[in-house]
Each structure stands twice: as C-alpha cells, then as structure tokens.
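Peer 1: My structure is below; once you've seen it, I'll send some questions.
The values are calculated or read from the model by the stated rules, or taken from the named source; none is laboratory data. No experiment lies behind these values; they were computed from the predicted model shown. Here Cβ is always computed from backbone atoms with ideal geometry, including for glycine, and neighbour counts include all displayed protein chains.
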Amino acid sequence: MANQNKQRKRTFLNSTVAGFTMGCLFAASSWLPAQAAEDTIQIGVPMELSGRFVTFGTSGKRGVEMAVDAFKGRVAGKKIEILLRDVQSDAQVTVQVLNDLITQKKVNLLVGPISSAMVSAAIPAWRQGKPIWIAHGSTTPRTEEEVGAEPRFFHTYPYSYHYQAAMSAGLKQAMGPGKTVAIIYADDAYGRAGLPAAKKYFSEAGFKLGVEELVRSGASDMNPILQKVRFAKPDVLISLVQTNDLATLAKQIRIAGLDTPYLTDGTDIFIEEWQKAVGDAQEGWIGVAGYFPGMARPASKDRPDLFPSLTDWEAKYRQRYNVAPAYLDVGAYSATIMLLMAVDKAGSDDPDKVAAELKKLDVQTLIGRGRFVPTPSGTLNQAFQDLMVAQRQGGKNVVFYPNELATGKVIPRTGK
C-alpha cells in the first residue's frame, strides 16, 4: 500500500512538472511571434508577377528588392520583411491579395501593384485599412479621381496627361502646328483614360484630330484598323495600348508597311523585353520616360549610399538581373527608398508618422528630385512628373525634347 502511495505521488509530481513545462513552452511559443512581429517592419508588395502585366510587376519587384538591399535589410532598427504577392494581372486576385495583406496581415505599408487596371481594382480593398500606399504606376486619371486626395496615398509615376502633355509639346517643337493625328486606343483602363488626354493636349498644341479606332485587348489581328489609318494618312499615330498588344501592333505595322511618319506610345517601347519581342519593328517609335539606360546622373550629395550615380546603380542592377533597367525599375527603387527613408525618420511604420515624414522629403533620386507636391487635378501627394521624349533610332534612345536634355533630332519614318 505504501509503495502504491509513493507511486501515485511520483506520477502526480511528474504530470504536474510536465504540465508546468508544457505551459511554459506554450506561453513562450505564443509570445515569440508577437515579439518577432514587433522587431519587424512589414511591407506588402502586391505585384503582377504573371499574366498580361508581368513586365510591369517584375520591374516593380526588382526595384523594391534593390531598395531593401540598399538599406541592408533593416530600417528604424528593425528587420524589413517583404510580403511579396502575385496578383496575376487579374482584378479579382488583386482584391483577394489586398484583403489578405490589409485585413489579415495588418500591413501599414504598401508598394504596388503597377498597372492602371490592378491599381483601380485595389482601391476598395485598400480603403478597409488605408495603409501608406506607394503607387508607382497607374497612369489613369480615374486613380486620381478616386483616391488622389487621400493623405496616405502617394503617387510616384506620371499620369497619362503627363505623357500626352510632353509628347504633344515635343512633336509640336519638331514638326510645327497643323499636322494630323490618328489614335488607336485599347478597351482597358489605360486606353480609355488616355484618349481624352491625347485629344486635349494635341488639340491645344495645334494638331488636327483624325480617326479614332478602338482595339480589343488581346486582339491578334489589327490589320482592319491599320487599313483605316492608312486611308486617313495622318502625320502621327498615337498608340494607347500596352505590353503584348503594343508588340502585336508594332509588328503588324511593320509587316503592313504603314508609312505614317511618327508612331508614338508611352514608356513601354523603352523596355528591353518589348524591344527584343518586336526586333526591327521598334525602329522609329517615339515614347516618353523619366529615365533611359545609359543616362548620366551624379550621386546624391546627401545620400550617395542610397542614391549612387546612375552609372554605378545600373552596373549593380545588370550584374544582379542580367538585363537593362527600365523606367519602372529605377522609379520603383527610388520610390521605395523614399518610403524607407520616411520610415527610418518616423522610427516606426505608424502610417500617420510615415505620411508626415514622406511629405517632408526633398531628396535627389535616380530619376530626379524626389518630393511630394499636389497636382492641379487633385492628387495630394505626387512625385516625378517631368518626362523626356525620345525616339528609337538604330537600337538606341535619342532624346529630342526638352532641348536642354536632347541628344539628337526626331526622324520621320517611311514604313519600309
């Protein structure tokens, strides 16, 4: 009996110790993630890593990666954790991703997506938590109308009217007034938003508006539209289509021998992947951008560690990705660096504190002066509006506007 009592005592003590130990381990395991979260700055990065806009998302991702590396993975004394998500260039997926990042992960900082359509899809989900949103993309004025006045929305990419204002001014300077234009626009956010801006700025610059033709996104045969353009005989063709559709258009213009002297688009023609896809069909195309590979810009006097010379930054980028950077890459890097600088000054990712520090920034970046100012059209925080106009000539970018940055003159094409 005594032995049985001893055995019961021993069993009770063992189970009590085991229970106490498990309780301590559970408490520790419950505490550690919370502690780890406190030592981490999370940034939600929803990007188009597949689908129609994969080129945009890939550029955005690379820019963010380079920026985090420039900060050596830490900001405000904490580790930077990038929550990279693929929105698949799909509106429904974008909503799902934003909902997860904002309502589940509770992120206070957001960079991306890039394309106008995906940014538009993201707006309702963003409103659920309103984290700091760095939108390095979306050219449609609809974005400006819907979210531009929000104090936590920071737009770091030109709108479509910036494109058309620069393009019309550049071509007017080169050609003089009285020339005619034809417009091909896609049935998507980019095309429909760009159409009013193109008509407004080219009309004000003295151009005569000719045919306007709508093209379906993903169309494989654009020849019927090109025939209408051929009959209209415009001096300038304004293309308001993107990515794969622009590649299809450029190749079919080349095959059809369309002899419109000047072909224009936005920034896509300066993306190396697009140039490789269309080959010789890129010749003569005119676009706008705030940066071109090979540009010379000195390092920032205040923060050369974050904004080195363009030559040094490009070399590091090429070594890492084995491709030439595009405007989106350099811009996404500059915008993310500005965000991290603000977080560092704020000492945390508190949205209001970070927003206040972002508005104070005035720094020389890889793509020019980085500061947020209001636009006349309603965006409260807009950076990087200045654009150059350049033409693809012999596989190179020749800047012809503005004059102080010109490296050559625009040349009319023959279509041969």
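Peer 1: Criterion first (among the hydrophobic types (A, V, I, L, M, F, W, C), surrounded by 22 or more Cβ atoms within 10 Å (Cβ to Cβ), touching a residue at least 12 places away in the same chain (Cβ under 8 Å) and part of a helix (DSSP H, G or I)) does residue 110 satisfy it?
Peer 2: So residue 110 does not fit the description; no.
Peer 1: Could you please give the count of residues in segment 122-159 that are of a type in the set (A, V, I, L, M, F, W, C) and either over 16 Å from the mean Cα position of the chain (by Cα) or modelled with pLDDT under 95 (or both)?
Peer 2: Residues meeting the conditions: 4.
Peer 1: Report yes if some residue within segment 356-370 is part of a strand (DSSP E or B), among the small types (Gly, Ala, Ser) and either modelled with pLDDT under 95 or within 19 Å of the chain's Cα centre (by Cα) (or both); otherwise report no.
Peer 2: The answer is yes, given that some residue of segment 356-370 is part of a strand (DSSP E or B), among the small types (Gly, Ala, Ser) and either modelled with pLDDT under 95 or within 19 Å of the chain's Cα centre (by Cα) (or both).
Peer 1: Could I ask something else about it? Which of the following residues is touching a Lys or Arg at 6+ places or on another chain (Cβ under 7 Å) and surrounded by 19 or more Cβ atoms within 10 Å (Cβ to Cβ): 362, 329?
Peer 2: 329
Peer 1: OK, next. Find the strands (runs of 3 or more DSSP E) located wholly in segment 168-256 whose residues include 1 or more that are of a type outside the set (Phe, Trp, Tyr), out of contact with any Phe, Trp or Tyr (no Cβ under 8 Å at 6 or more places or on another chain) and surrounded by fewer than 20 Cβ atoms within 10 Å (Cβ to Cβ), and list them.
Peer 2: The qualifying strands (runs of 3 or more DSSP E) are 208-215.
Peer 1: Also, I was wondering about something else. Is there a residue in segment 113-132 that is of a type outside the set (Gly, Ala, Ser), within 16 Å of residue 41 (Cβ to Cβ) and not in a loop (DSSP other than H, G, I, E, B)?
Peer 2: yes
Peer 1: Of everything in segment 257-282 that's acidic (Asp, Glu) and either within 22 Å of the chain's Cα centre (by Cα) or closer than 21 Å to residue 163 by Cβ (or both), which residue is surrounded by the most Cβ atoms within 10 Å (Cβ to Cβ)?
Peer 2: Ranking the qualifying residues of segment 257-282, first place goes to 268.
Peer 1: Follow-up. Out of 323, 278, 330, 288, report the one residue that is part of a strand (DSSP E or B) and either at positive phi or not polar (S, T, N, Q) (or both).
Peer 2: One residue alone meets the criteria, 288.
Peer 1: From the list 279, 290, 294, pick out the single residue that is touching a Gly at 6+ places or on another chain (Cβ under 7 Å) and not aliphatic (A, V, I, L, M).
Peer 2: On inspection, the qualifying residue turns out to be 290.
Peer 1: Right, next: List the number of the failed condition for residue 207; all other conditions in (1) touching a strand residue (DSSP E or B) at 6+ places or on another chain (Cβ under 8 Å); (2) closer than 21 Å to residue 88 by Cα hold.
Peer 2: Condition (2) is where residue 207 drops out.
For (1) at pLDDT 95 or above; (2) touching a Leu at 6+ places or on another chain (Cβ under 7 Å); (3) within 19 Å of residue 326 (Cα to Cα), each residue gets a yes or a no:
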{"residue": "41", "(1), (2), (3)": "yes, no, no"}
{"residue": "44", "(1), (2), (3)": "yes, yes, no"}
{"residue": "67", "(1), (2), (3)": "yes, yes, yes"}
{"residue": "70", "(1), (2), (3)": "yes, yes, yes"}
{"residue": "77", "(1), (2), (3)": "yes, no, no"}
{"residue": "83", "(1), (2), (3)": "yes, yes, no"}
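Peer 1: Has segment 341-351 got at least one residue that is at pLDDT 95 or above, under 27 Å from residue 269 (Cβ atoms) and either hydroxyl-bearing (Ser, Thr, Tyr) or out of contact with any helix residue (DSSP H, G or I) (no Cβ under 9 Å at 6 or more places or on another chain) (or both)?
Peer 2: no
Peer 1: Further, regarding this structure: Do the conditions hold for residue 297, that is, is it surrounded by fewer than 21 Cβ atoms within 10 Å (Cβ to Cβ), over 22 Å from residue 40 (Cβ atoms) and at pLDDT below 95?
Peer 2: yes
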